[in-house]
Amino acid sequence: MRIIAGKFRGLKLLEFDYSNIRPTLDRAREGIFNKIQFVVPNSNCLDLFGGTGAVSLELVSRGAKSVITCDISQDSCDLIKKNFALAKIKPDLYKMDYLLALDKFQSQKFDIIFLDPPFVTDFGAKAILKIDELKILEKDGVLIFEHSSEQKIDDLIDLVSLKHLKMVDTKKYGYISVDYFVGV
């Protein structure tokens, strides 16, 4: 796993020694960042399920103004700190539940929100509904939701009920699907 582009391009990141944490595949991350490349510079970002910190570091590497990274797992937070240390920067990192994090940051607006929750949970759907309710995604901001390709977004969320988010695209990368929403 490595940083794909920007000032930390090529930086090799540490990974977990065990398999219950699944980092975003390099090719999926590359596809995501190709799609949002013009939104990233000077953006305010929230990485709600930080995992290894790869997405947060990619955002920083590509010129994001601020990146808040959250994860409830102490192991993830420790690895995120180590990966940021490889880039010689400190993360804006919070060890907390994703719903508590959304409540904590509800007074802020984000240009990019990245969700990569554990696959066999409803955390992503709950986060999207909460983000919609709190209106924390800027108008024309991008929310990226990574999930198992076996899950269909229509089975997780009533898209019609969303008032401040609009789904605009889905891309598939093997067993991973990535849904894109914009703030409206």
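Computed over neighbours whose Cβ is under 12 Å from that of VAL184, the net charge equals +1, Lys and Arg +1, Asp and Glu -1. Comparing SER73, SER107, SER148 in a Gaussian network model of the chain where C-alpha atoms under 10 Å apart are linked, the largest mean-square fluctuation is found at SER107.
The lysines within cross-link reach of LYS104, meaning a Cα-to-Cα straight distance under 26 Å and a gap of 8 or more places when in the same chain, are LYS65, LYS81, LYS82, LYS90, LYS95, LYS126, LYS130, LYS135, LYS139, LYS163, LYS166. The phi-based Karplus calculation (6.51 cos²θ - 1.76 cosθ + 1.60; θ = phi - 60°) puts the 3J(HN,Hα) values of the range 153-165 at 4, 5, 7, 9, 9, 7, 4, 5, 6, 5, 9, 10, 10 Hz, whole numbers, x for Gly and Pro. Rg and Dmax of the chain, both derived from C-alpha coordinates alone, stand at 14.9, 44 Å.
Along the range 167-173 the Karplus relation, 6.51 cos²θ - 1.76 cosθ + 1.60 evaluated at θ = phi - 60°, assigns HN-Hα couplings of 6, 10, 6, 9, 10, 10, 10 Hz to successive residues, with x for each Gly and Pro.
Taking a ≥ b ≥ c as the square roots of the eigenvalues of the Cα gyration tensor, an a/c ratio of 1.5 or more together with a/b no larger than b/c marks the range 80-184 as oblate. The sum of -39500 (n - 2.57) across all DSSP H runs of n ≥ 4, divided by the residue count of the chain, sets its helix-only mean residue ellipticity at 222 nm to -8500 deg cm²/dmol.
Taking the chain as a Gaussian network, Cα atoms linked when under 10 Å apart, which of ALA54, ALA87, ALA64 shows the biggest mean-square fluctuation? Top of the fluctuation ranking is ALA87.
Secondary structure note: in the chain, about 50% of the DSSP beta bridges are antiparallel.
Largest GNM mean-square fluctuation among ASP97, ASP155, ASP111, using the chain with Cα springs under 10 Å: ASP155. Taking amide H atoms as placed 1.01 Å from N in the peptide plane, the amide H of VAL67 lies under 5 Å from those of CYS45, each 5 or more residues away in sequence or on another chain.
FYI, it's all coordinate maths here, none of it is from the lab. As the structure is a computational prediction, the values presented were derived from the model and not from experiment. Positions of Cβ are generated from backbone atoms using ideal geometry, with glycine treated the same way; all protein chains shown enter the neighbour counts.
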